[in-house]
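For reference, the structure is listed below as structure tokens.
The values are calculated or read from the model by the stated rules, or taken from the named source; none is laboratory data. Treat the numbers as computed from the prediction; the structure is a model and nothing was measured. All Cβ positions, even for glycine, are placed from backbone atoms using ideal geometry, and neighbour counts span all protein chains on display. SASA here: full protein model, heavy atoms, side chains in, ligands and nucleic acids out. Shrake-Rupley method; radii C 1.70, N 1.55, O 1.52, S 1.80 Å.
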Amino acid sequence: MTNDWEDKRDQIIGLGERSLKKSYYPELQQRLRELERFKALLDQSNDAVFLAQLSNGRFVDANETASRLLHYTNEEILNLDINDITPADLTIEVAKVSTDDLPDPENPPIITTQLITKNGRFIPVGITFRKVTFEDQKYAVIVARNITEQQKAEKALRESETRFRWMAENISDGLMILEKDVILFVNQRACDILGYSYEQIYE
């Protein structure tokens, strides 16, 4: 029995010709390289990616984009939970992820909300959640995309449309915009000239 145990011990700790440690080492190194490549890809992402425990919302990992976006170090993020960086109403959405009755787990909905940075600034983001399980523990993969520029562009478009409509309604000529015989816009003066209401024009 003693010789058998010593033989097994030598294999485990890396001694002798039949070392289990030596035979496993190349595979371990390969897995580590794969993990490092995956982490590098995540860090190059334009989106902030978090991994949080579903039981308490505490972060267990985050990519570099998350750190840059929130102005926290990675170590600081790991001392936070999702409630520390999001408005209170998002807690309800997190609770939904922890259940098994998501409408479409493969295509999670995008939730428009805000993230709170270390200095208290609010950043508009579109967030998706996906539930994953590692070693019988349930986690949420949280991907947050900064939509600040998108919202600026949408606001500028709305303001431009408002200005156009104001100008179109305050000119003395009738104005109609067509595309492939489809009326896209008509002003009140054009309706008056044609003798139709807005509703009749668009029918």
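The listed residues SER67, SER55, SER197 rank as SER55, SER197, SER67 when sorted by accessible area, largest first, using a 1.4 Å probe. Sequentially through segment 50-55, phi angles give Karplus couplings (6.51, -1.76, 1.60; θ = phi - 60°) of 10, 10, 10, 5, 6, 5 Hz, Gly and Pro residues having no value and appearing as x. Seen from every direction in turn and averaged, the convex hull around the alpha carbons of segment 108-181 projects onto 9.6 nm². The share of accessible area on segment 125-193 that comes from carbon and sulfur is 52 percent, using a 1.4 angstrom probe. Net charge dipole, segment 139-194: roughly 280 debye, given to the nearest 20, about the Cα centre with Cβ charges of +1 for Lys and Arg and -1 for Asp and Glu.
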